[in-house]
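Nothing in this text is a laboratory measurement; each read-out follows from the coordinates by a stated rule. Model, not experiment: these values are computed from the prediction. With ideal geometry, Cβ positions are generated from the backbone for all residues, glycine too; neighbour counts draw on all protein chains shown.
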Amino acid sequence: KQRIGVSIVGPSGSGKTVIWRSLAGGLMRLGKSTSVHTINPKSMSKQQLLGRLNADTREWTDGALTAASRKVSKEPLETVCWIVCDGDVDPEWIESLNSVLDDNRLLTLPNGERIRFHDNVNFIFETDTLAYASPATVSRLGMVYLPEGGVPVEAVVERWLKQRGEKIGVSATAFLEWCESIFYRCLEWVKEHVSLGSDLGVEVSVMGLVRNVLSHVEEAIKNGLRKETFLLTVVRGLGGCISNSNLSAQLYRFAFECAKEVMPDEADPQDCTWSDELGRLIRYRAVSDAVPPWSSSITLVKTPQVMMTLDLLQPHLRSGRHFILAGLEGSGKRLLVRHALAEIANEIKIRGAGLQCSGQTAARDVIVKLRSLCLIGAGARGRTYRPREGQRVVLQIEDVNLPKPDRYDTTQLVASLQEMVSYAVFHDEDLEWVALENIQFISTMAPSTTLGRHTISRRSG
């Protein structure tokens with residue numbers, strides 16, 4: 001009410017999006033009409049965002065932000081209008097809104113046109129840092145800071161459990177007891193012993209780790225959840241993100257100790273899987289001892305390490321959840337993903353495709369690739385990209401951290417993927433929203449310490 005601009009600042013998983021969505025839902029329940037426009041400002045060029053003026057003809061072409069501003073300025077005063085800028089903040093685009101954010105509430109375009117905003121319009125800036133915002137901008141904004149631990153893990157798990165109901169196959173009491181004795185204790189161990197920046201293949205938030213574990217639990221439910229398989233989902237969901245093999249082994253030992261279970265191999269704690277046939281945990285080597293005769297069609301030898309990695313990938317591939325696969329150069333990331341997709345080809349009809357990144361790869365390259373794989377039709381959310389062939393399109397984006405970030409440490413490709421993953425939409429060349437259906441993104445990357453690679457945003461992890 002007091003300020004037109006509000007900034008919600010906090011790390012990934014702290015509940016920034018939930019806050020404004022809950023408020024919008026509450027207003028709708030009270031019978032108030034709401035109009036929300038979401039934009040990732042760094043997913044496009046400055047001209048695509050703010051518009052451009054033809055120097056010869058003086059003709060003005062709106063950008064995504066100015067087009068949204070024009071729409072909300074024409075809405076009835078009874079309609080609550082929000083323009084949500086979900087992405088990194090830098091002075092090159094946000095400084096142009098300073099006249100909007102002060103008491104004038106006025107956006108002046110380069111062609112001399114002015115757009116005035118009424119009291120029913122607000123700008124919401126959702127970001128993890130305001131490090132590059134100028135004092136002039138910060139002083140104009142209302143601030144809401146959210147700490148990383150603001151959303152209790154227990155509340156997230158209990159909500160997830162309520163949504164599944166009886167589908168999990170065990171009583172809610174038993175499941176929560178396993179969480180108390182195994183999951184929460186292991187998560188605390190990770191927060192205490194693992195650096196979420198350097199010891200993980202990708203910088204991941206605590207909530208990202210929780211979602212990773214729950215994704216593995218979803219897969220385990222299909223085959224009947226029990227204490228031993230729940231234990232595996234926890235160590236795979238947490239340990240699969242740890243690049244330090246010694247720390248990962250320590251986590252496995254701690255988890256088995258919490259669960260009071262015996263490790264199949266004391267020397268190599270990670271060498272364990274569940275056998276439905278034997279009804280107990282066994283070593284991977286017991287499965288892979290028999291090496292098949294050589295054949296030109298065999299492209300992947302299933303060593304215990306390879307089998308463990310495939311088990312880490314399968315839950316995400318079956319659920320269609322987007323994920324990042326990090327590993328050293330030449331470690332076989334592309335081959336592992338292709339083999340994992342081939343293993344589920346009988347269950348889900350998938351059309352896979354790849355995009356190899358270079359230092360100049362941008363958002364438009366992803367859009368061009370999607371256009372070749374999808375049909376463009378009408379849907380509930382307007383124009384929609386759907387798979388041309390198959391039940392799902394899986395686009396593997398290789399070396400996603402190879403494109404060079406700008407001076408404000410933002411990579412346009414990563415920002416665009418973040419928008420597609422978070423909202424399943426993107427803005428096309430005509431600034432029209434295009435929705436995405438049944439499209440899964442898999443990004444692969446080498447460590448940021450590798451020559452030519454860069455650190456990606458923690459919000460992408």
How much length, in nm to one decimal, is gained on full extension between R364 and I282, taken as 0.36 nm per residue of separation minus their Cα-Cα distance? 24.8 nm
Of A249, I182, S215, farthest towards positive along the dipole that unit charges on Lys, Arg, Asp, Glu beta carbons give segment 152-290: S215
Any chance you could run the full-extension gain for Q2 through N104? It's 0.36 nm times the residue separation minus the Cα-Cα distance, nm to one decimal. 35.4 nm
Net charge around V18, counting only other residues with Cβ within less than 12 Å of its Cβ (Lys, Arg = +1; Asp, Glu = -1)? +2
Report the FRET efficiency, 1/(1 + (r/R0)^6), for E95 and T61, where r is their Cβ-Cβ distance and R0 is 25 Å, rounded to 0.05. 0.75
List residues of segment 80-121, by number, whose backbone nitrogen lies under 12 Å from a label position 7 Å along Cα→C-beta of D409. 89
Peptides ranked, highest mean first, by Cβ atoms within 10 Å: ranges 86-93, 302-309, 328-335: 86-93, 302-309, 328-335
Applying the gyration tensor rule to the Cα atoms of segment 111-257 (axes a ≥ b ≥ c; rounded if a/c under 1.5, else prolate if a/b exceeds b/c, else oblate), the class is prolate
To the nearest 20 debye, segment 320-461 has a Cα-centred charge dipole, built from +1 on Lys and Arg Cβ and -1 on Asp and Glu Cβ, of 220
So for the pair R334, S319, with labels modelled 7 Å out along Cα→Cβ, what separation do we get in nm? 2.8
The FRET efficiency for V36 and K349, from their Cβ-Cβ distance with R0 = 35 Å and rounded to 0.05, is 0.55
How do the peptides 215-226, 349-360 rank, highest first, by the average count of neighbouring beta carbon atoms within 10 Å per residue? 215-226, 349-360
How much length, in nm to one decimal, is gained on full extension between I19 and S275, taken as 0.36 nm per residue of separation minus their Cα-Cα distance? 87.8 nm
Zone of K260 (label point 7 Å along Cα→Cβ, backbone N under 16 Å): which residues in segment 166-195? 174-175, 177-183
Residue list for segment 83-109, given a label point 7 angstrom along the Cα-to-Cβ vector of V138 and an amide N cut-off under 16 Å: 89-92, 94-95
Peptide ranges 180-193, 118-131, 4-17 listed from the most packed, as the mean C-beta count within 10 angstrom indicates: 4-17, 118-131, 180-193
Options [x] 22.2, 71; [y] 36.4, 113; [z] 24.1, 77 - which one matches Rg and Dmax of the Cα atoms in Å as calculated here: [z]
